[in-house]
Amino acid sequence: MSIRTYLTLSYVALIALMCFGMWFMADRYLDRLTEQALTISDQAVQQVTTANLELTNLVLTRVGEYVVKDKAEDVARELAYVLKAGHQNYDYAALRRNPTIRKIAIQTIYTPQGQAGYTDLYDQRGYILFHPDKAVEGRNQLAWEAQYPETTELIKRSFEQNNVAGYFTFFDENKQERKRYSVRVHVPGTPFIVAAIVNLDRFFQPTQERIKAANLEILARARTEIEGHHQSVDRQIKLGGLLGGLALSLCGILGGLWFAAVISRPIARLRDGVRLVGEGDFSVAVPAKGVKEVIHLAHSFNQLGQQLTEYIEKRDFIRDTFGRYVTQEVVKKLLEDKKALEMGGETREVSLLMSDLRGFTALTADMEPEQVIIFLNCYLSKMIEILLDYRAIIDEILGDGILAFFGAPEPLEDHPLRAVACALEMQAAMDEINFLNAAEGLPHLEMGIAVDTGAVVVGNIGSERRAKYSVVGAHVNYTSRIESFAVGGQVLISAAAFQKVRDHVDLGEVLNAEMKGIPGQVKLYDIRGIAGPYNIQLKERSESLTLLPRPLQVQLQRIQDKIVIGTATGVITHLCETRAAVRIAGELGEWEDVRVILLDEQMSPIPGKIYGKVTAVKPVDGDFREAAVRFTSVAPDMYRLIREAVGISG
């Protein structure tokens, strides 16, 4: 053999070995890529299937529960219409012979796949009146308590409660344990109770089976496409390896590396994108490059990120919108803790704040409704802003009144101090509000605020359909009574609250007040300022009374629960911007609300509204009394008249 032949054969053998090695390496690498793609597709379909099954289970269970409850309530209403409401004695045998009543009492509950449950009827002693199985009619269900304890517990609860619902277990014809859902509704005006019983899994099992079948079909189609693609590429690589030679082998190697990059790089980007999504970055997007299937997968992944972003935006919108009606602390607790939605509460020490505008109803009686809303919202916007700055939970906004509390749901060590500081800042803000009101020609407002500290029950109050996070207890009523003693511009706090903050506040006067339902007198503390980190001080008002050279004729209308209960006439002998000394003939009690009507020389009422609270009454000569009246609300024209009377210009 010549050396040329030897070299040629050696060269050919080398080329053949290189081609075979290229083919072998490419084949192995392609197999690994295909296995990874199949694994990813299996996992993705499995995750989607699991999510869909959980979602359909949840949604269709809720739908089933609603259908069962609606069916029970419909049957109860029909029976209440047919039976004579309020009838004391019923002939059970006669009722069972009545086909109309039997048809109403025993109804079948259907799903699109067929029968899922039924309704029956029993009385409040447990005796079955109507049942799909006539053999059990007339028997007492309580006798089966040992066999069916869960069902018996629901039956016993239904004797005392309406709309009792719950689950209980049973064994089907295949001896497999399953669960049923039952709703029990009282028939109004009768001693009977309708029970609606259904196998809830009848609602979602058919749908889940269809979802599983569809997902299996998708998975099979995906595997077929991936494997078909693998076979096609494999044939191309083998043909190129056999026919390419050294140059084609080199090109094949480069092509194999490029092809591997086409497959692996997008998948790696997808892997990194999934990791970023798992870390909360829903804005991530991967380039749509590579083979068709990888491009489709990249498009789907990018759409998923966009959908998740839209979901987060909607969730945030709902949270922010919800926060306009419930404080952010309550919203956060409800969103982060499922137990926060449960009915009930806990006993906790909190500080309560209650405020109210003096004479607001009468001041706005002549305003248009739209103007009242604008007027009120201007005031409430400032008050709510201050309350939220101090981390208050706003319980109620009733017209011009506000009830808020501090120290729940999140504990606050300094809630008494925080509540008093918040009340003082609210009072201080009234100057700004009245400045704006004066510029708009609106009435001058006066607000009274009360603060109390004590143990209350705080939690979710209401029902499963409508609830609120609120406080209940004697201290809520006590705070309301304290607030009724507070005059405009005043912050009154209870003795319990004062003991918590006494080292930090500036005390004005101490009131001894008598309250309905509370024996003896209680001490109320007028707070004028607070030190420490808050450093708030209310402006000192000119309380010095000026002796009028000529007394003003006046009529006082006594007001109780916004109703005029009596009238007293007299004269104003001393006057200042905030209060007056009135000499009257007639009945008048301390802490009564009054409307002050100024009279002209002809004893005719001068137009304008002044409201006040009687803070003291003492007898003088004969049947006359001298009353101290603190103004709580003064119309702008009356305010100017008062300033003129006491010699204040401008």
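Read-outs throughout are calculated quantities, based only on the coordinates presented, and are distinct from any laboratory measurement. All figures in this text were calculated on a predicted structure; none of them were measured in a lab. Here Cβ is always computed from backbone atoms with ideal geometry, including for glycine, and neighbour counts include all displayed protein chains.
Using 0.36 nm times the number of residues separating Thr573 and Ile374, minus their current alpha carbon distance, what extension gain do you get?
Values: separation 199, 0.36 × 199 = 71.64 nm, distance 3.78 nm.
Full-extension gain reported as 67.9 nm.
Were the residues from Ala214 through Ala513 laid out at 0.36 nm apart, the gain over their Cα-Cα distance would be 100.0 nm.
For the stretch 338-537, what proportion of DSSP beta bridges, expressed in % and rounded to the nearest 5, is antiparallel? Numbers along the way, then the final one.
Numbers: 43 of 47 bridges.
DSSP beta bridges in the stretch 338-537 are roughly 90 percent antiparallel.
Could you work out the relative contact order of the stretch 338-537, using alpha carbon pairs under 8 angstrom and six or more residues apart, expressed as a whole percent? Rounded, it is 25 percent for the stretch 338-537.
Per-residue extension of 0.36 nm, minus the Cα-Cα distance of Tyr167 and Met367, leaves a gain of 66.4 nm for this segment. So which GluC sites (Glu not before Pro) in the stretch 118-183 end up in coil per DSSP with only 10 or fewer other C-beta atoms within 10 Å? Listed in order of number, the matching sites are Glu173.
Max-minus-min Cα coordinates of the stretch 546-645 on each principal axis give 31, 30, 25 Å, with the largest extent listed first.
Taking amide H positions as modeled 1.01 Å from N, with prolines and chain starts lacking one, the residues under 5 Å from Val164 and 5 or more places away or on another chain are Arg184.
Model label sites at Arg178 and Lys69, defined 7 Å from Cα along the beta-carbon direction, differ in position by 2.4 nm.
Distance between the 7 Å Cα→Cβ label points at Val136 and Val277: 4.9 nm. Among the trypsin sites (Lys or Arg not before Pro) found in the stretch 64-166, those both in a DSSP coil and sparsely packed, with 16 or fewer other Cβ atoms within 10 Å of their Cβ, are Lys84, Arg125, Arg139. The distance between label points at Glu432 and Arg465 comes to 4.3 nm (points 7 Å beyond Cα on the Cα→Cβ vector). Take 586-595, 502-511, 625-634, 610-619 and order them by the average number of nearby Cβ atoms within 10 Å per residue, most first; the result is 625-634, 610-619, 586-595, 502-511.
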